[in-house]
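Below is one structure, written out as structure tokens; the observations come after it.
Just so it is clear, none of the values below were taken in a lab; they were calculated from the coordinates. Remember, it's a predicted structure, so these values are computed and weren't measured experimentally. No Cβ is skipped: glycine too gets one built from the backbone with ideal geometry, and neighbour counts run over all protein chains shown.
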Amino acid sequence: MPFLFDIKRYSINDGPGVRITVFFKGCPLSCRWCHNPESISFKSEKLYNRSKCIGCGSCVAVCSENALILTTSGEIITDFSRCILCGKCTEVCPTKAVEMSGRDYTENELMDLIMRETHIIDNSGGGVTFSGGEPLMHPKELKNLLILCGKAGIHSAVDTSGHVKSSILEDILPHTDLFLYDLKLMNSERHRKWTGVNNELILMNLRLISDKGKDYQIRMPLIEGVNCNEENIRETLTFLCGLKNRPSAVGLLPYHNIALKKFEKLGRNYHEEGMKKPSDNKVNLIKNLFEQHGFKVNIGG
Amino acid sequence: MLEKKLIQNIRSVKKTEQDIVTQDEIQVKPGMNERIRRLREESVSTPATLSIERALIETSFYRKNEGKYSTPMMRAMNFMEICEKKYIYIGKDELIVGERGEKPKSVSTFPELTCHSVEDLKVLNTREQQRYLICEEDIETYKREVIPYWTGRSQRERIFSRVPEEWKVAYEAGLFTEFMEQRAPGHTCLDGKIYRKGMLDFKKEIEDSINKLDYFNDPKATDKEEQLRAMSLSCDALIRLGERHAEKSEELARHEDNPQRKEELLQIAKVCRRVPAHAPRNFMEAIQMYWFVHLGVITELNGWDAFNPGHFDQHLSPFYEEDLKAGRLTREEAKELISCFWIKVNNQPAPPKVGVTASESGTYNDFTNINIGGVKPDGSDGVNEVSYIMLEVIEELHILQPGSSVHISSVTPNRFLHSAIKVIRRGYGYPSIFNPDIYIQEMLRSGKSLEDAREGGCSGCIEVGAFGKEAYLLTGYLNVPKILEVTLFNGVNPVTGKKVGIETGDPRNFSTYEELYEAFHKQLRYVIDLKIRVNQYIDKMYARYFPATFLSVITDDCIKKGLDYYNEGPRYNTTYIQCTGLGTITDSLSALKKQVFSDKTITMDHLLKAISANFDGYEVLRQRIINNTPFFGNDDAKADDIAVKVYNDLFDLIDGRPNGKEGGKYHMNMLSTTCHNYFGNVMGATPDGRLAGKAISDGTSPAHGADTHGPTAVIRSLGKLDQVKSGGTLLNMRFLPDLLRSDESIAKLGSLIRSYFSLGGHHIQFNIVDNATLLAARKNPEEYRDLMVRVAGYSDYFNDLHDNLKQEIIDRTENEAF
């Protein structure tokens, strides 16, 4: 069964038209700037929203593992060494300050949700986007869903990091209408430093998609201090220009720290050192460079 | 792209040197020339004032003539007296002329309907919101001349002396409001007839109708003759009003030194010599014709929701095309004239109410709602170049009135829809968006012919009618959630402890949800019956005492039938009851069903205690309800089925009931304007976790904060209501401005609108604002004077709103997906 952490309706920045975006949980990368930190782990996780918590203590009362403490300031602290992620606390929480991230959906349940969007999908030339996490880490479930969407005449996009076995990619490729392919850094060492993995497999898979003539778009986060330097932009352009078939569009996604709250909810620290939002000037400069090379560029989508 | 094209268009037609503006200016305010800038500034900065002129003329006329003539004749003679004696104002930059009062923003009073007391006038002069200035001297004059005569004679006193006690109790509890207790029944629009016929043509038709009267067999023949003669006199009155403007213009021209203005004044005089006596021949005459007719309607009586030209772009288009072809008019000049008209409407604030609670619907907005786009009577696309000019005017002028709406049918091109969204993106709160494909069905269902339905549209806020052929009277709002509240306390209003409804049983003894619903249904039937009973009476009071003899001239088939607008004269006679709070009632019933009857997480007794305590000490319970109850607007059948049930029951209890006029019926619509705020004010806490005094949900929108699954879930929930059965529904959505920045996102919003309409939606409107702006505006009102927001069906200035209404707008769910 597909294991998801979110489903977003009226999604307007994840491919053509208006889409419903399905977020799989679990990712082989751990990018420092990840704005969905709850998408990385393949397991359920507990999220705690301090600002919603009214300190009623309902959760403490039901916790069989004594993993929860209510502080005098009305905050709940979870002892993760004791917590077994049973989710009882989320059921009794009156304000939904505690929530579990990640659950199994049946295919029927998911297709029902997708089919509810047919009016907007048809009117806008939209579809469904499978994102994550890394949807290709759930190849069987993803393939089934892609086939079901194909049968229903719903345009499908797969938003991927590309860090998967090529055979998996080849397997789902015929069932996918469009790939949204992330390209972060050309230097493999630096790629490893910032995302936890090297980029050879990613670049190879991108070539594969291009060689097969599949419709794909590049999505590139722009992070000052990470990948906005001239060298990386030049190398990216050289690589893309050398591909057999070019992407139908390049999406430049300027860095933001909107995920700060999410890290807080996970009880983790966000390490922002070394990363900055690029200036508008810089973004435009990069946009112009891509356009000069004949690419269609969107900012933010 | 389109904007660019428009700018080029404007540039290409620019002729005079003084009109050439820098490119920067074009981008900010394309085309607004110096004249329009000055007129706009005057209109926006002039405070609303009260004019006692009309009341003085009328009182003196009635003192002299009371008892001498039939009622219709008295009304027509009174109208003539006002047109003959009122001060004629022509402002120095104006091209379109005529004011109801003595100057812009000056509002007449209507003591024959409801007579302001000295205290009322003083409060109006000094209150914080929606102030109407009036000087001491005028108050003294009013006290001396007007009040003594009308005391005991006004329509309002007449009505209140006769209504039953149980009605008064329910009315005071806020179970419903009554529109017609202070203002004449209004809500009407015009079709295209005044562009083909002048007042002299109408007089001829009236004469024909008199000649056809059958005094031997028709028992009403004599009454009809009186009515028709009064209608004929009303035509004369409007002609006189036109002539007096011509005379005044000529006089001003004689003393004018500026040759350009002199020429303009002579042109105005020429136009006023032609219309309204004759049909207009060109673009300028067409606009002036409508404006005289508008003034006639709002001077004769103070009908609710003023008056409305209907499909103004379609009416003006033939004149525009012909003038353009003949070289008599440029696009720029047409735009200037339309701008002049727009400002004229803004110069007419709504007549203020008495009693001065202002909570029910306190606003300067008089709800003139210009319909743009839509379909023609033959079903083809009604969008034309004038439609686009109007969108430009709306964007540039940014004034409170008139309200505007775009009508997006399946035959409407996307480029028009996208142009409209670009105006909406500015965050003015208008235009609102309507679906002719559904409202034409609504009208067909309620008995209109196909052509009449297509020529119809929306007036005021969202209610539909056959323009120029229908009296569709709005009688007041129904506070549906309050009826549940009264049911939960077995007929007692928990806010006052007073019995206001019928006893339907102690809900603590109900063992099933169905039993509770049955009790609510009984209470609902009782309140609706009570309201209708009194409506019938008030309706008759207007037919008897306040025939609208001028409005009858321009409304088919009053001339043919020889009957008044209020007395079965129109081709169609509809009475609406506006039901409010669908979101709040659904969520409350859903909470009761789940928490008390299905999951049994709490007992009824416990819940009643909690709401009686306004959830004080019950916050955990309140949070559990809010976060663990299916609410309306989330595409969740558990809640949506309840909404559909309530909606259908309201329909069954209201629709099709006779309204005392031949063939006339009651219909339901789902509108709240700002009344959801007043209704929330008179209520305690509700089972959905809403706190006492907070606004209930508006129109058919989800309750604030209840919709958490994005806009497509909202439109699907709303799509489950069979909206064709209504006379209008209302959906408010609020988007942040940066989410509509790109052209692609505009197209995407367009597809959201199309999707809602293909699901059967009647209307949708958007608030494009951000919280920071709203918070800042609340803090520093002076710096945000022109900040406008959309509040359920019309636009208002943010700073003119009540504090809790401001808060409501800040609270309203933001659609994060943008």
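Separation of segment B:392-413 from segment B:32-103 is 28 Å, based on Cα centroids.
Placing a label point 7 Å from the Cα of A:Ser30 along the Cα-to-Cβ direction, the residues of segment A:188-209 whose backbone N falls under 11 Å from that point are A:195-197.
Cross-link reach is defined here as a Cα-Cα straight distance under 21 Å, omitting same-chain residues fewer than 8 places apart; for A:Lys276 the lysines meeting it are A:Lys184, A:Lys193, A:Lys261, A:Lys262, A:Lys287.
Entry note, chain A: the mean residue ellipticity at 222 nm calculated from DSSP H runs of n ≥ 4, each adding -39500 (n - 2.57), is -9500 deg cm²/dmol after division by the residues and rounding to the nearest 500. Placing R0 at 35 angstrom, the Cβ-Cβ distance between B:Val411 and B:Asp770 gives a FRET efficiency of 0.50 after rounding to 0.05. Counting Cβ atoms of other protein chains within 10 Å of each residue's Cβ and taking the mean over peptide B:638-646 gives 0. Rounded to the nearest 500, the helix-only mean residue ellipticity at 222 nm of chain B stands at -14500 deg cm²/dmol, with each DSSP H run of n ≥ 4 adding -39,500 (n - 2.57).
Can you give me the relative contact order of chain B as a percent, contacts being Cα pairs under 8 Å and 6 or more apart?
Rounded, it is 14 percent for chain B.
Gain on full extension, evaluated as 0.36 nm per residue between A:Met204 and A:Lys52 minus their Cα-Cα distance, stands at 50.2 nm. Counted by neighbouring Cβ atoms within 10 Å, the residues B:Phe307, B:Phe631 run from fewest to most as B:Phe307, B:Phe631. Built from the Cα atoms of segment B:684-757, the convex hull projects on average onto 6.4 nm², one quarter of its surface area. Plainly put, segment B:458-574 has a radius of gyration that is 1.17 times its Kirkwood radius, both from alpha-carbon atoms, as the Rg/Rh ratio. Both the radius of gyration and Dmax for segment A:54-153 are 19.6, 56 Å, in that order, over alpha-carbon atoms. Assuming R0 = 25 Å, what is the FRET efficiency of B:His418 and A:Thr118, from their Cβ-Cβ distance, to the nearest 0.05? Computed FRET efficiency for B:His418 and A:Thr118: 0.65.
Per residue of peptide B:744-755, the mean number of Cβ atoms on other chains within 10 Å of the residue Cβ is 6. Peptide A:12-18 shows a mean partner chain C-beta count of 5 within 10 Å per residue C-beta.
Taking only the C-alpha atoms of segment B:234-291, the Rg (one decimal) and the largest Cα-Cα distance, Dmax (whole number), read 11.5, 37 Å. Label points 7 Å out from Cα along the Cβ direction at B:Tyr215 and B:Lys68: separation in nm? Rounded to a tenth, the inter-label distance reads 2.4 nm.
Looking at segment A:177-236, none of the chymotrypsin sites (Phe, Trp or Tyr not before Pro) sits in a DSSP loop with at most 15 other Cβ atoms within 10 Å of its own Cβ.
Loop-located trypsin sites (Lys or Arg not before Pro) in segment B:47-155 (DSSP state not H, G, I, E or B) with no more than 12 neighbouring Cβ atoms inside 10 Å: B:Lys68. Split chain B at each of the GluC sites (Glu not before Pro) in a DSSP loop with at most 15 other beta carbon atoms within 10 Å, and the longest piece is B:129-502. Simple spin-label estimate for A:Asn144 and B:Leu444 gives 4.5 nm between the two label positions (7 Å along the Cα-to-Cβ direction from each Cα). The separation of segment B:276-290 from segment B:601-668, counted between C-alpha centres, amounts to 50 Å.
Between B:Asn648 and B:Arg254, 0.36 nm times their residue separation minus their Cα-Cα distance comes to what? Once the chain is fully extended between B:Asn648 and B:Arg254, it gains 135.3 nm.
By the beta-carbon count within 10 Å of each Cβ, the least crowded to most crowded order of B:Ser432, B:Ser154, fewest first, is B:Ser154, B:Ser432. Between the beta carbons of B:Lys498 and B:Glu207, assuming R0 = 60 Å, the FRET efficiency works out to 0.60 to the nearest 0.05. In this label model, A:Cys83 and B:Thr330 are separated by 7.0 nm, measuring between points 7 Å along each Cα→Cβ vector. Each peptide in A:261-267, B:703-709 gets a packing score, the mean of other Cβ atoms within 10 Å over its residues, and the list from highest to lowest is B:703-709, A:261-267.
How long is the gain from A:Lys43 to A:Arg190 if the chain were fully straight, where each residue apart is worth 0.36 nm and the alpha carbon distance is subtracted? Could the numbers behind the result be given before it?
Values: separation 147, 0.36 × 147 = 52.92 nm, distance 2.78 nm.
Residue separation times 0.36 nm, minus the Cα-Cα distance, leaves 50.1 nm.
Which entries in the list B:Lys600/B:Lys725; B:Lys105/B:Lys248; A:Lys265/B:Lys748; B:Lys344/B:Lys779; A:Lys52/B:Lys694; A:Lys52/A:Lys88 go over 27 Å, if you measure between the two C-alpha atoms of each? Long pairs (Cα-Cα over 27 Å): B:Lys600/B:Lys725; A:Lys265/B:Lys748; B:Lys344/B:Lys779.
For chain A, the fraction of C-alpha pairs more than 27 angstrom apart is 46%. Pairs from the table (B:Lys103/B:Lys560; B:Lys168/B:Lys353; B:Lys482/B:Lys720; A:Lys8/A:Lys277; B:Lys335/B:Lys376) lying more than 28 angstrom apart at Cα are B:Lys103/B:Lys560. By other beta-carbon atoms within 10 Å, ranking B:Val44, B:Val500 with the fewest at the front produces B:Val44, B:Val500.
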